[in-house]
Structure formats: C-alpha cells, structure tokens
Amino acid sequence: MEDLSPEILYKTPAERLIVHPETGRVVGVQAKKDGKPYNIKANKGVVLCTGGFACNDAMVDQYVPYAAGSFIIGTEGDTGDGIRMGQGAGADTRHMNFAYGQLSHGAWIARDSVVGGPLLFSALVNKRGVRFIAEDHYAGSYYAQVARNPYYFRDYETCYMVFDQQTYDQMEEISEVGADVIVAQAETIGALAEALQMPAGTLENTIAYYNEYAQKGEDPLWMKRPAYTRPISQPPFYAVAATTLNGLFTYGGLKINTDAQVLSAMDDSPISGLYSAGRNASDILGTGYCGSGASVASCYTFGRIAGRKVAGEEAWA
C-alpha cells in the first residue's frame, strides 16, 4: 500500500512560490531552513493554508485600519504570509478590507448566546444618536455594519446602547454587567443626548420613532424581533458605551473558485498548480460572518476540496 504520510518540515518557513518561467505553473516553494534558502519541488501543486493577516500590523493598517489595536482571535501565525506569496505569483485578492469583530463592554456580554440578554431591549445608536442595525443580530454583525459605513462612523469609535430603568433592573441580574459600564444617566432622553454630546434632537427623534412602533412590538426600520422590541420609556435613562475594537480576524484573502483554485489578478483564470483554503483564501464568508464555527466549516470544506483537486493533478516532470 502506498504510504500517504506527509513529511512535515518544522522551522522551515515558506517565503515565496516558485513559478515556471515558461508555463506560469506553480512548481514549488522557496523556504528557509537553518537560515539558508531551501527549495521544495511540488510534484502536483501547492496548497496555501497559512491563515489570515490579523497579526500583521502593516497589513492591518493597510486593509482594515479601523481594526488596528484590536484583541486578536487566532494564532501568532496569522501574518498574511500565504496571501503575500500568492500575490507574488500574480494572484488576485478579495474582501481584504473586511474583518470580524464584536462590540466590546457590556453591550454584548449581557447576551444569552447569540440572542437574548437584557441589552437587546435597548437601542444601539451611533454618536449622532441614530440606530443603524437591529439589536438582536449575531455579535459580529454590528462590527461589520460599522466597517461598511466609514463615512457614517467617521471619526467615531463609539456606539451606545440606550435603555431605561426596566432594562437596567434586568442588567443587575447578570454579574458581568453593572453600574461600572454606565457612561451616562439622565431623567429624559434629551438630557441623556446632551450628556453624550449628540446633535440636538437626533436621539429624541430616534427613541420617539422606536417607541411608537415598539408599543405594538414592531420595528419597521430594522425588523428587530417582537420578543425584544418594547418601548424605552421608564426613566431614568442610561447609556453603555460599545466600542468596536474587540475580537479580530480577517475575511480577506486570495480569490479562489469553487475548486479552491487561486485565480489570477490579470484575467481571473486559475493559476495552474496553486490552491488555497481557510482564512488564507476569501471563500463563502464574503464580507460578513454568518455564525460561530463558520470558519471551521469553510476550512474543512475547502481544505478537503483543495486536497482532492491537487491530488488529481498530473505530476509534472
């Protein structure tokens, strides 16, 4: 029986792809071993699975500057090496300016898994006092909404959860959220807006509109579920700051097709002998995270596809 056990080379970081000068096929990898160049021939092809670039400060500053300084979800190996190697061989990239993140502080800690929790009864507003998303979304959706609207959130790193005494009483039932996260308190919405230095009238109009429909359990603007839609009407009123720098991993990577083949930046055709999977590639996640475990699912799926496809390649001489 053929021995399919792979040879694993430790302390041998890959640095660039080797491309055939005439055919353009990826035929190997140039690495470094014991401080010296070390070339590895690929019999059939190369699969890049080196993760994203959350740990590469220069790439974060270039592609997702709004996430700079964030706590990183991932490993020290998420330095974008595979993405840069692919680019060096003429590969295209996709969605490089999108990253996953969560609202920090008590704004999401109070949730029960992906739904529930007292702060879902609040109104999440930007510093202009305007709601921009339903408060019962998945945790990463809030961050993505901010990232997609740089003008809307220009010069602002803070959003606020605005709620009333009824919700505050519920907050006290959860140990992670308490009075220490409250940044403003007032007897009226107008006074709360003034304390938060919001433009005159915006928060008042936002809450008035919200309350008008919340009395019927409706949210025609953002379609929050009726179970979490109720008026914010019992004074005093409170605000919890919700910054957007908490938990980062990147979505962007090499552009691939459904066969996990890396595509050329010149004509969108597959680069012969080159495959990619995981966060090294831009796959089905696109510009938003659909839920916990989605990265694992895409890694397994496209990793398996890439392995099968490259194994089916004809060996080159």
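The values are calculated or read from the model by the stated rules, or taken from the named source; none is laboratory data. None of the values given here were measured: they were computed from a predicted structure. Positions of Cβ are backbone-derived with ideal geometry, glycine not excepted, and every protein chain shown enters the neighbour counts. Note: accessible area is taken over every heavy atom of the protein model, side chains too, but ligands, DNA and RNA are not part of it. Shrake-Rupley method; radii C 1.70, N 1.55, O 1.52, S 1.80 Å.
See the values below:
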read-out	value
Förster-model FRET efficiency, 22 Å R0, Gln166 and Met223, C-beta, rounded to 0.05	0.50
Among Gly51, Ser233, Thr258 - extreme Cα towards positive end, dipole of the chain, charges at beta-carbon	Thr258
Ala68-Thr23 FRET efficiency (beta carbon distance; Förster radius 41 Å; 0.05 resolution)	0.50
Quarter of the Cα convex hull surface for the stretch 188-259, i.e. its orientation-mean projected area (nm²)	8.6 nm²
Nearest-ten-degree value, helix 202-214 long axis tilted from longest Cα axis of the chain	90 degrees
Spin-label model distance (nm) - Arg16 vs Gln234, 7 Å beyond Cα toward Cβ	6.7 nm
Net charge of neighbours whose Cβ lies under 12 Å from the Cβ of Phe302, counting Lys and Arg as +1 and Asp and Glu as -1	+2
Rounded tilt (10° steps) of 294-311 against the dominant C-alpha axis of the chain	10 degrees
For the chain, accessible area per residue (1.4 Å probe, heavy atoms of protein chains only), Å²	50 Å²
Within straight-line cross-link reach of Lys224, lysines at Cα separation under 22 Å, skipping those fewer than 8 residues along the same chain	Lys127, Lys216
Inter-part distance where the stretch 224-287 and the stretch 290-317 are each reduced to a Cα centre, Å	19 Å
Förster-model FRET efficiency, 45 Å R0, Lys33 and Thr258, C-beta, rounded to 0.05	0.80
Cα-derived Rg over Rh, computed across the stretch 20-61 with Rh taken as Kirkwood radius	1.09
Global form of the stretch 214-317, assessed from the alpha-carbon gyration tensor, a/c cut-off 1.5	prolate
Between 0 and 90°, nearest 10: helix 139-148 axis offset from the chain longest Cα axis	80 degrees
Accessible-area composition of the chain, carbon plus sulfur, in percent [1.4 Å probe]	52 percent
Max mean-square fluctuation residue, GNM over the chain, Cα-Cα springs under 10 Å, options Glu22, Glu204, Glu194	Glu22
Residue with peak Gaussian network fluctuation, the chain [Cα springs, cutoff 10 Å], from Ala242, Ala91, Ala191	Ala191
Answer label for Rg/Rh (Cα atoms, Kirkwood Rh) (calculated), chosen among (1) 0.98; (2) 1.60; (3) 1.11	(3)
Directionally averaged projected area (convex hull, Cα atoms, the stretch 3-104), nm²	8.7 nm²
Estimated vicinal HN-Hα couplings, Hz - the stretch 59-68 in sequence order (Karplus 6.51, -1.76, 1.60; Gly, Pro = x)	6, 4, 4, 6, 9, 10, x, 5, 9, 4
Residues with amide H under 5 Å from that of Asp92, placed H, sequence gap 5 or more	Lys255, Leu263, Ser264, Ala265
Eligible lysines near Lys11 by straight Cα distance, threshold 27 Å, same-chain separation 8 or greater	Lys32, Lys33, Lys36, Lys41, Lys44
Net charge contributed by nearby residues that have their C-beta within less than 14 Å of Gly253 (K/R +1, D/E -1)	0
